[in-house]
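These notes concern the structure reproduced below.
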Amino acid sequence: MKLRKDDNQSNFCIYARRLSDRYFKASHGWYFYTREGETIGPYYDKNSAVCGVNDYIEFLSLASSTVLEKYFKYAQKETSHSS
C-alpha cells in the first residue's frame, strides 16, 4: 500500500489495521467507514459495500476541488446532527 503525502510510517500500521475493520453489518445492511470517518451504506451485501468503496474512491479522485469542498462540508454537517 502506498503512503499518501500526509501519512507517516507510525500511523500507517493503524490505517492498515483499520482497513480490515472498514466493513460492518448492521440490522439494515452492510456499511463501510471512509478514511475521513464517515459511514456509508446501507448495501445489500458485503460485495456491494466493497464496490461502494471503489465508487467512493473514484468519486474522490475525479471530483473537482469545489465539489469536494461542498461534499465534505455537507458530510461534516450531517455527522454533527447525528451525534
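The values are calculated or read from the model by the stated rules, or taken from the named source; none is laboratory data. Please read all numbers here as calculations on a predicted model, not as lab measurements. Methodologically, a virtual Cβ is constructed for each residue, glycine included, from the backbone with ideal geometry; neighbour enumeration extends over all protein chains shown.
Residues in the range 49-64 that are among the hydroxyl-bearing types (Ser, Thr, Tyr) and either in contact (Cβ under 8 Å) with a residue 24 or more places away in the chain or surrounded by 15 or more Cβ atoms within 10 Å (Cβ to Cβ) (or both): Tyr56 only.
Just the residues that are within 14 Å of Gln76 (Cβ to Cβ) and either in contact (Cβ under 8 Å) with a residue 60 or more places away in the chain or small (Gly, Ala, Ser) (or both), please, taken from the range 20-42. Spell out how you get there, then give the answer.
Taking the range 20-42 first, the residues within 14 Å of Gln76 (Cβ to Cβ) are 34, 36-39.
Within the range 20-42, Gly37 is the sole residue that qualifies.
Within the range 12-25, the presence of at least one residue that is part of a helix (DSSP H, G or I), at pLDDT below 95, over 15 Å from the mean Cα position of the chain (by Cα) and not β-branched (Val, Ile, Thr) is confirmed. Of the residues making up the range 28-39, just one is closer than 16 Å to Tyr71 by Cα and in contact with a helix residue (DSSP H, G or I) (Cβ under 6 Å, 6 or more places away or on another chain), namely Glu38. Total residues in the range 32-47 satisfying the condition of being more than 14 Å from Arg22 (Cβ to Cβ) and exposed (fewer than 15 other Cβ atoms within 10 Å of the Cβ): the figure is 2.
With respect to (1) modelled with pLDDT under 90; (2) in a helix (DSSP H, G or I); (3) over 16 Å from the mean Cα position of the chain (by Cα); (4) aliphatic (A, V, I, L, M), the lone exception for Met1 is condition (2).
Condition first: of a type in the set (Phe, Trp, Tyr) and under 11 Å from the mean Cα position of the chain (by Cα). Now tell me which residues in the range 26-58 satisfy that. Of everything in the range 26-58, those that are of a type in the set (Phe, Trp, Tyr) and under 11 Å from the mean Cα position of the chain (by Cα) turn out to be Tyr31, Phe32, Tyr33, Tyr56.
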